[in-house]
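No value in this document is a laboratory result; all are computed from the given coordinates. These numbers come from a predicted model, not from an experiment. Quick reminder, even Gly has a Cβ in these numbers, built from the backbone with ideal geometry, and neighbours come from all protein chains shown.
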């Protein structure tokens with residue numbers, strides 16, 4: 001079920017009032033919300049619900065087992081079982097065919113022909129997101145950061161429909177405490193919720209869909225065909241598209257959760273205004289960045305085991321972060337670009353005599369401008385591999401940017417340039433401006449607010465294309 005559709009609108013119009021009517025009776029509310037979330041998740045394929053339910057039961061049993069284990073060694077064995085289960089589920093459904101075919105092709109290159117057998121199963125929607133959420137829950141219990149909750153609360157936490165498909169990656173200690181007491185409708189920040197939903201719809205339906213249909217899909221679909229200018233602008237357009245698509249989704253998700261009385265963590269903070277890759281990962285997909293830091297980078301040793309080990313840890317984390325996004329060598333290269341870039345930044349910071357934990361002095365003026373420009377282009381280089389269908393297509397596109405300047409552009413037009421400018425320029429608007437806009441909206445009466453929302457939806461409907469493409473992160 002897609003957010004910007006009439007189907008979801010009808011679904012939410014039924015769920016929202018019933019949720020508030022049942023809120024004072026939390027056991028009944030949890031049953032209702034669990035059913036609603038499974039209907040939402042199973043809308044694509046009801047069989048996916050079986051996997052989600054199995055993940056819920058297994059991880060809850062393991063979390064309780066960790067909590068009750070008597071010795072440190074027993075706790076480690078149970079956590080190992082949780083890692084094995086969650087990584088195993090991801091491997092079977094997401095990675096087995098990739099590694100099996102890669103192994104088969106590698107042997108074929110040296111004259112050995114084997115047939116490992118491919119599974120060929122459909123990738124369950126959101127499997128990476130709910131697997132990471134479940135694993136962090138068990139690990140937090142192991143670390144003593146969070147006590148296991150009941151099966152009912154954990155089931156609602158893992159399947160809660162605003163986040164189950166594409167995040168944000170909410171941790172148990174952020175959401176489960178909110179499930180323990182009835183939400184107060186008088187404390188719902190409806191103005192912020194409507195602003196987030198409206199901005200999310202605009203980003204997705206107008207900006208992301210327009211760029212995908214007018215340049216991105218063409219440039220990346222046949223990279224050998226277009227001019228250098230088309231190819232370069234196509235890369236910039238994809239940078240804006242993926243931001244608008246994913247930020248738009250999470251804005252809607254956070255807004256929908258707010259209307260239900262629940263608060264999610266922020267997931268984006270103007271990432272294309274970043275002045276370094278380290279800064280970029282503090283702003284882009286922030287819930288994933290924190291997850292990789294707390295549950296992978298720190299356990300690997302972080303920056304506590306010497307310079308070389310720090311570089312290796314950064315590279316390993318980003319390579320695995322690349323594979324988390326998709327089973328393909330293009331995602332591995334994307335992770336390597338970010339991991340290598342972070343290692344270089346870390347080396348440069350040490351060379352200047354700063355510790356890794358010390359934030360560098362904030363750049364200003366021209367220094368800030370060129371750092372932002374350099375960071376943005378390194379990120380765009382990574383996006384080429386992230387979006388390309390194959391490594392060959394990625395290098396073909398980069399080759400066209402380098403050599404295709406004698407060919408006339410076909411796709412670069414005023415609409416494309418305007419959409420890119422809006423997508424990037426909005427990230428340089430001071431945060432206080434949006435706060436003042438939301439405050440002004442909140443002071444309007446219900447009729448005026450309704451009129452503003454109706455006008456916004458009308459504009460989005462008029463500017464957006466017919467139909468709505470699935471969100472990019474649905475396939476991760």
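Before moving on, here are some points about what is shown:
- The distance between label points at residue 444 and residue 77 comes to 6.2 nm (points 7 Å beyond Cα on the Cα→Cβ vector).
- Of the residues 3, 441, 395, the one with the fewest other Cβ atoms within 10 Å heads the list, and the complete ranking is 395, 441, 3.
- Burial ordering of 83, 89, 205, fewest other beta-carbon atoms within 10 Å first: 83, 89, 205
- Stretchable slack from residue 91 to residue 293, in nm (0.36 nm times residue separation minus alpha-carbon distance): 70.6 nm
- Distance from the alpha carbon centroid of the range 26-94 to that of the range 163-221 works out to 24 angstrom.
- Mean projected area (nm²) of the alpha-carbon convex hull when the range 157-198 is viewed from all directions: 3.7
- By the beta-carbon count within 10 Å of each Cβ, the least crowded to most crowded order of 334, 291, 329, fewest first, is 329, 291, 334.
- Maximal additional length on extending the residue 421-residue 68 stretch stands at 121.6 nm, based on 0.36 nm per residue less the C-alpha distance.
- One chain, two ends: residue 336 and residue 433. Fully extended at 0.36 nm per residue, the span grows by 31.3 nm beyond their Cα-Cα distance.
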